[in-house]
Every structure is written in structure tokens, then in C-alpha cells.
1. Any residue that is crowded, with 19+ Cβ neighbours inside 10 Å, in a strand (DSSP E or B), in the same structural domain as residue 399 (by TED's automatic domain parsing) and at pLDDT 75 or above - is there at least one of those in the range 514-529?
2. Right, residue 250: under 30 Å from residue 127 (Cβ atoms) and either modelled with pLDDT of 85 or more or basic (Lys, Arg) (or both) or not?
3. What residue, of 293, 263, 277, is part of a loop (DSSP other than H, G, I, E, B), of a type in the set (Ser, Thr, Tyr) and surrounded by 15 or more Cβ atoms within 10 Å (Cβ to Cβ)?
4. Quick check on the range 76-90. Is at least one of its residues at pLDDT 90 or above, in the same structural domain as residue 148 (by TED's automatic domain parsing) and under 30 Å from residue 161 (Cα atoms)?
5. Quick check on my filter: what residues within the range 354-365 are surrounded by 16 or more Cβ atoms within 10 Å (Cβ to Cβ) and at pLDDT below 90?
6. With 365, 419 as the choices, which residue is in the same structural domain as residue 465 (by TED's automatic domain parsing) and either assigned to a helix (DSSP H, G or I) or among the small types (Gly, Ala, Ser) (or both)?
7. Which one of these is surrounded by 22 or more Cβ atoms within 10 Å (Cβ to Cβ) and over 20 Å from residue 400 (Cα atoms): 468, 499, 461, 490?
8. With the range 77-170 as the region, which helices (runs of 4 or more DSSP H) entirely inside it contain at least 2 residues that are more than 33 Å from the chain's Cα centre (by Cα) and surrounded by 19 or more Cβ atoms within 10 Å (Cβ to Cβ)?
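The values are calculated or read from the model by the stated rules, or taken from the named source; none is laboratory data. Just so you know, these numbers come straight off a predicted model, no measurement behind them. Methodologically, a virtual Cβ is constructed for each residue, glycine included, from the backbone with ideal geometry; neighbour enumeration extends over all protein chains shown.
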Amino acid sequence: MTLERAFHFCSLLLAAVAFIGLVLTEEIPAGLVALGLAALAVTIARAIGWGGDRLVGRIAGLPESAWTALLITVFVSFGVDLLLISRDILPAAVHFLILLMIVKLFHLQHRKDFLQLYAISLLELLAAAALTVELWYAAVFIAYVFAAIWTLILYHLRNEAEEAHQESSPTTRPVTAQFFWTTNGIAVGSFCLTLVIFFLIPRIGTGFFQKNRTELIRTSGFSEKVDLGVIGAIKLDPTVVMRVEFPDQRGPVKDALYFRGASYDTYDGRAWGNWSSVRRMLERTPDGVFLVSTPEAAAAAESGGGLRQEILIEALDTTVLFGASFIETIKGGFSVVQVDGVGGLSLPYPTSARFQYSVRSVPGRLRESDRAAESVSYPDLIRKRFLQLPDMSPRVAALAREVAGEGRTPHDRAKAVERHLQQQYQYSLDVGTTVSASPVEDFLFTRKTGYCEHYATAMVVMLRTLGVPSRLVTGFLPGPWNDFGNYYSVRQQDAHAWVEVYFPGSGWVTFDPTPNVPAAAPPFFGKLGKVVDSVRLKWDRYVVQYSFRDQMTAAKSFREGGEKVRSELSDFLSALTRGLASVKAWLTESASAHSGFLLGVLAAVVLVVGLVLAWSRLGRSGGARHADPRTARQIAAIHLYERMLRILEAQGLLKPPGATPLEFARQVARERGEAARSVESLTGLYCRVRFGQAPLSPDDARQAQELLAGLQAAGPR
């Protein structure tokens, strides 16, 4: 492939990569996708010689009036799309860019046409970045960088050839291996420089168009009211809803984890709700930390106790914030966090994109005094809200008393009910679609099978009949542990419901009456899926969610590392100085006793070093004579060009250090018109032989000598 053909191919490839980035966002209408792919396929096939000349030629041969009318139509369609169809500037602008690209693909005739195509492709790449934050965008961006470097280099060579008006320009030469690898090396270097710039430039927030337009993940069971059975609808969905890291430890957490979402205190016999839906805003510290409990408890959690989590949560259709029980502090990129009367945390509105926040939790612990207390006095508010029961069959209360048996304490009765449900009932998601008038009684006495909501509801109802305050909680279990990224992948199928029981001295304590749930089949293929998911987490953490705070943390770590290296280097130099002083003292003492022997050894060392240096110098000079990769004809062309430069310098024309041969030839034409023809001919001969590998014939050498003689005879003007 010649450089000219490679130039056309790379220009079209650049547009294709940007267009594919838009297609992968799944935000482009199918008609535009088909039209764009067809235009790219035809023009690329023509560029590489696979056909399409007749079709592209006919379209390109349209009169200018037709192209003008086509462009006017495209602009009119943009206005119609913006005002009547999309009614949003971003999708309308994207559709407009695609139509412009299609028009420009068939009208690449002049230099400005290629520049306009490059500008369109760059805008398409930026539009794709505004429409998605997925990991595949990294591959599109890398491919775009490589295609752009190739295109710009070939564009520069083509312009140089056009400006020099050379019949045998470098662009007619084939793509050599040296050119191929050099260009790819430049592309790799440019990509590395781009990464450095990305991590160094200040973070100023999201752009005007940066909003996620993906569909929110449906998460049933975390609203203000939950019908019994809604969690079962999502227990088979493997969609990832969040990923949870634990910065203070390596490996999975040993204790049982429950990522708490919403809790409920009122049961009407078929659905759960909250007695009071009033929410209050949490207090926020100057450094952005929201205090969930009392400042003293939050300070204790921050000072070292508790479990710290970094949570990356997907775009969900709920405002609930999740964290391991029980959350003491929370921090993230939001200005307001609300808490309801049963300890559920939420945002004022659902977000339309995935986001990240930090949580510190303190697990609920049962004090020994509450474990052994037989007589318990509960506050009136606790009794009023968490002992509420709807009208139901007395069989439920009778079963609760029978199961509690001889339990002396509220804790004993809670453990007895939990153990009974775990051992006497079976877990199953297949409970039928019939709506029962009393789901709890149907579960306890008829089906005796169900999933977590049935178990948790049955336990709360049974405990309340025994006078033990309790409530139902919904959230997620940890899910599988990712060994490569050191985090839990929490999925929809990990949705769960459990019970919290109140003890006056300990507060709320977690109980889980559901039997061990069978492990679901992993949605990915073994370890490869974990690696891909880990890479995706890093992409979200260090690219999508990269912020000014991350920059400051990295700068602080770099500074601390530099101070550590400087300290270690200082200690090493001090030790080296002391060692040299000891050696000097030893040599001084030994010199007086063995002066003759030491002088002989020193003379021998000097002689050997001198011989080695002389041999290496001769080797380098000899190697330099034979290592010159330039051919004899290239060296001859260089000598002719250098002789021309010396003649012009003697006549007052000095070649600037940064000027190319073609630029210097144009300078001579401006300043010495009478010498322009000779300089242009000698420069063209030099470029063809030196860079184009053209042969230097005897006629060329004779003509060059005549031009040099004439140039020297002309003398200074």
C-alpha cells in the first residue's frame, strides 16, 4: 500500500472508529446506523481497492448546487430533530454529526474536506463520551488515538509534497516497515502522554452534556411500601447493582454481612410500610462527612473502630443508600442525605448515573445484660411502633408461644423462632402467582415454603405476638468475592430480607430466619469474568469517577514517597562517606609500611586501564566507520546538499537550524529569486535520494555539479 492510499484509508478509518463509538452507545436510531455503516463500507472499500469506484464517483460528481442543497437539508433536519423529534440538543447534535459525516465521506476532494472530516470525527468521539461511561469506550479511544496519529503524519507528508510540487513525491512510495513501526511508536508515546495529562489536569466537574442516559436498574423492595413477594421477582436477575471494597483489609470479611437498605415497622397483613414517612436531613461536618448517629458514636467509628467500605453503586431506580449494618458515617459526592424514622438512608432524588461513596459501619452487638435479662421494659414509642399487628388468626400467636417454649428472655424467644423457621421450612422461589389474603398464615400453615420475605415477615409477626419489638429490613447479601479486585460483586439476585430485634441496652440486633440460600450459577465464565469485572471497577474508579480529591491524594502519596526516597538516599550517602573515610585511614596507615609494593600495584593498574581505554576508543572509531546505515548514494547526496549550503552561507544565506530543506528552498526563492531554480532542483534531488531511496545516476551527479558551479559563479547579489 502506498502512502497516498494509506492516507485515504486512515482518514476513513478515523471517521469509522468515532462512528462505531456512537453506535456502541445504543443511542443512535437504526436507520442512521445502517446509513452510516453503508457509507463507510463503500468509501473504505474504494480506498483499499476493493471496488465502489463507480458509486463513489457518481456521487462525488454531483454539481456544487446539489451539494449545497444537501447541506441545507441536513441543517434543516437538525432544527426539526431538535424542536419536534428528539427535543434534546445532545441527541439532535449527534444525529446532525452523523449526517454531516455521511455527506463529507463522498466529497473528499480538497485539503479542507479532510480537515472537516477530522473535526466531525473528533466531535463524534466527544459525543460518545457524553453518552456512556462503559469500559468499551477505552478501546474506542485507544483505536482513535492510533488512527489519528497515522492520519496526521500522512496528512503532513501529503501537504509537503503538494507544496513542493514534486512529481515523484514521498506519498507515492510504499509503506515501509521502518515507517510503520516509527508511526506506531509515536502513537504509543502520544497515548502515554495523554494518560499523564488526564491524571494531571485539574478536575473541574462534569461537562454540560455529561449525563448518563442509560435505563435505571429496577430494584423492587426498597420503596416506602413493599408488597409481600416483590423480592422474589428479582432473585433470579444477575445484574450487578454495586461493588463493595474494604480498604482496611485484604480478603473477604469473616463476619456475616448484610448491606442494609430500607426497613419497615408497620404490617397490614399483606404489605409492609412505615408508620411515619417524615425524613430529616443528616448533619454534615466541614469535610463532607454525614453523621448518621450521635457525633460521639460517629467519632468513635472514625477513630478506628468499625468497618470501612468503598461502594460503587449502579444507576438504580431507588433513592436508598446501602451499607453494612449499622452505618455510622457516610461520605460521597452529594450535598444532602436523609434518614427516616427506622434508620433508612436515602438521597432526595434518584441519580441517573452510577456513583461512589464511602461508609463506616459498626456492627450491632448484643450486650450480655440484654442476653440474660428476663424482664424488659421498652419505651412507649418502641412498643407503639414495633409491636403493631393487624387482625389475624390466633393460630399465629399459638404457634409463636409453642415455638418459644420455655424461653426465659426475649433473646431466647427470638433465637427459638429463628431456629424453628430455619429448620422446619424450605426455601423456594417457586411459590406460585396466587395472591393470598393472609400470606403469613399461608406460609406458616399451608405451603411451608417461601423465600426471604416470607421468613422475615413470619418471624417479625411471631415475635410481636410474644411482646418482642422487631422490624423487617430489606437490602443485599454480599454476593461472590472477587479475588482479583478484592471486592464483593453484589447483584440483583443477592437481594434479601431479614429481621432486626430491639434490645434496650444494645439497640437493634440482626437476626436472619431464612435457611441457607442455594448459590446461584455465576453469570461470568470462571476467573475470566472476575478479571473483566475487576478491570471495569478500576475504569469506574480511576477514570469515570476520578476527581480533584483523588489528585490530591495521589500528589500527597507521591510527596511522601519522595521524602522517603530522599531520606534513604541521605542515609546511604552518610554511610558511604563513613566507609570511604575508614578506607582512607587504612590506606594511609598501610602506605608507610608497604609503599614500594603499593606503587608497583598502582602503576600496573594505570597501565591496564590505559590499554583498555585505547582499545575501546579504537573499537568505537572502527565501528563508527562500518556502522553507518546510509548508502553510498545517500552520502553523496548529503555531500552535494552540504556543499550547496556552504556556497549559500558564503553568499549571506544561512539555513535556520529548525528549517526543513523544503522550507529553506522557499526562503531562498523569496530572498534570492535568481538562485531559486538551482536550489529547488538540488533540494529535490537531495530529498529523492536521501529520503525516497531513489538512485543517483551519473547524469544526476553531473547536473548537480553544474548547478553548484553556476550557483557559486553567481556570487552574492
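1. Filtering the range 514-529 for residues crowded, with 19+ Cβ neighbours inside 10 Å gives 514.
Restricting the remaining residues to those that are in a strand (DSSP E or B) gives none.
Looking for residues that are crowded, with 19+ Cβ neighbours inside 10 Å, in a strand (DSSP E or B), in the same structural domain as residue 399 (by TED's automatic domain parsing) and at pLDDT 75 or above, one finds none in the range 514-529, hence no.
2. Values: under 30 Å from residue 127 (Cβ atoms): no; either modelled with pLDDT of 85 or more or basic (Lys, Arg) (or both): yes.
It is false that residue 250 is under 30 Å from residue 127 (Cβ atoms) and either modelled with pLDDT of 85 or more or basic (Lys, Arg) (or both).
3. Details: 263 fails: part of a loop (DSSP other than H, G, I, E, B); 277 fails: surrounded by 15 or more Cβ atoms within 10 Å (Cβ to Cβ).
None of the others qualify; the one that does is 293.
4. No - not one qualifying residue is present in the range 76-90.
5. Pass one, the range 354-365, residues surrounded by 16 or more Cβ atoms within 10 Å (Cβ to Cβ): 354-364.
Scanning the range 354-365 gives 354, 355, 356, 362, 363, 364.
6. Values: 365 fails: either assigned to a helix (DSSP H, G or I) or among the small types (Gly, Ala, Ser) (or both).
Exactly one residue qualifies, and that residue is 419.
7. Working: 468 fails: over 20 Å from residue 400 (Cα atoms); 499 fails: over 20 Å from residue 400 (Cα atoms); 461 fails: over 20 Å from residue 400 (Cα atoms).
That would be 490, the only listed residue that is surrounded by 22 or more Cβ atoms within 10 Å (Cβ to Cβ) and over 20 Å from residue 400 (Cα atoms).
8. On the way: elements: 89-105, 111-131, 136-164.
Filter on the range 77-170 gives 136-164.
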